[in-house]
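A.B. asks: Pasting in a structure now, in structure tokens, and then I'll have a few things to ask.
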Amino acid sequence: MNLAEVKAWRDAAVADGWDIEPIYETESVETAARLGKEGFTAVVYARNRANRYDQSVCVWGPDRLSVKVPTVYDWDYIKSGLEHCEKCPTIGPTVGLAFANRVCPACRAKYEAQYAGSGWAY
């Protein structure tokens, strides 16, 4: 996402009832914010710099696994992300793989060996 999209996403989420707080004491919610709603957590970086991590939105579900983020804020899409595999188009029950990846059971079996010994495998 570009800076304008990130800011629009954050503002739409707050307008939709997400709580917002600064991540760091040295920055305002305008540049680095943590958002929460119904057990979901989002981290939004809206810094005016070129580094790709300075303009991003990441979302985790109540189960602490990542959720795909739509470019335009969409609460229903985010909630449905609890059942979207990150590795294939499967929609259904998901499980964790490595740090916070959300995958279907078949993809977990397929990719589990890649993360073995990494310290992140479940």
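A.B. asks: What does the convex hull of the Cα atoms of the chain come to per residue, in Å³, rounded to a whole number?
C.D. replies: 120 Å³
A.B. asks: For n ≥ 4 DSSP H runs only, could you compute -39500 (n - 2.57) per run for the chain, divide by its residues and tell me the 222 nm figure to the nearest 500?
C.D. replies: Per the formula, -7000 deg cm²/dmol.
A.B. asks: Okay, next question. Once the piece of chain linking Ala113 and Ala15 is laid out straight, how much longer is it, given 0.36 nm per residue of separation minus the C-alpha distance between them?
C.D. replies: 31.1 nm
A.B. asks: By how many degrees, 0 to 90 and rounded to 10, does the Cα axis of helix 3-15 deviate from the longest principal axis of the chain?
C.D. replies: That helix lies at roughly 90 degrees to the long axis.
A.B. asks: Further question on the same structure: So, with +1 on the Cβ of K and R and -1 on the Cβ of D and E, and no other charges, what is the size of the charge dipole of the stretch 21-87 about its Cα centre, to the nearest 20 debye?
C.D. replies: 240 debye
A.B. asks: Most mobile of Ala46, Ala33, Ala98 per a Gaussian network model of the chain (Cα springs, under 10 Å)?
C.D. replies: Its mean-square fluctuation being the largest, the pick is Ala98.
A.B. asks: Let me ask another. Given R₀ = 22 Å, FRET efficiency for Arg49-Val95 by Cβ-Cβ distance, to 0.05?
C.D. replies: Once rounded, the FRET efficiency stands at 0.05.
A.B. asks: Considering the dipole of the chain built from charges on the beta carbon (Lys and Arg +1, Asp and Glu -1) around the Cα centre, which of Val57, Leu97, Thr26 is farthest to its positive end?
C.D. replies: Leu97
A.B. asks: How many angstrom separate the Cα center of the stretch 1-41 from the Cα center of the stretch 45-88?
C.D. replies: A separation of 12 Å, based on Cα centres.
A.B. asks: Same structure again: Using θ = phi - 60° and the Karplus curve 6.51 cos²θ - 1.76 cosθ + 1.60, what whole-Hz ³J(HN,Hα) does each residue of the stretch 39-44 get, with Gly and Pro shown as x?
C.D. replies: Ordered by residue, 3J(HN,Hα) equals x, 7, 10, 10, 10, 10 Hz.
A.B. asks: Continuing with this model, one more query. At a Förster distance of 22 Å, what's the computed FRET efficiency of Cys58 paired with Glu25, Cβ-Cβ distance as r, to 0.05?
C.D. replies: 0.60
A.B. asks: Would you mind checking which residues have amide H under 5 Å from Trp18's amide H? H placed 1.01 Å from N; only 5 or more apart, or other chain.
C.D. replies: Close amide H contacts, sequence-distant or interchain: none at all.
A.B. asks: Remind me, relative contact order of the chain in percent, using alpha carbon pairs under 8 angstrom and six or more residues apart?
C.D. replies: With pairs under 8 Å counted, the relative contact order is 16 percent.
A.B. asks: Something else: Can you give the longest stretch of the chain with no exposed loop site, where a site means GluC sites (Glu not before Pro) in a DSSP loop (not H, G, I, E or B) with at most 16 other C-beta atoms within 10 Å?
C.D. replies: 39-122
A.B. asks: What order, most packed first, do the peptides 65-71, 90-96 have when packing is the mean number of other Cβ atoms within 10 Å of each residue?
C.D. replies: Packing proxy ranking, top to bottom: 65-71, 90-96.
A.B. asks: Can you give me the angle between helix 105-115 and the longest principal axis of the chain, using Cα atoms only, in degrees from 0 to 90, rounded to the nearest 10?
C.D. replies: Value to nearest ten degrees: 80.
Just so you know, all these numbers are worked out from the coordinates, no wet-lab data involved. Everything quoted here is computed from the prediction, not taken from an experiment. Because the Cβ atoms are built from the backbone with ideal geometry, glycine has one as well, and the counts that use them run over all protein chains shown.
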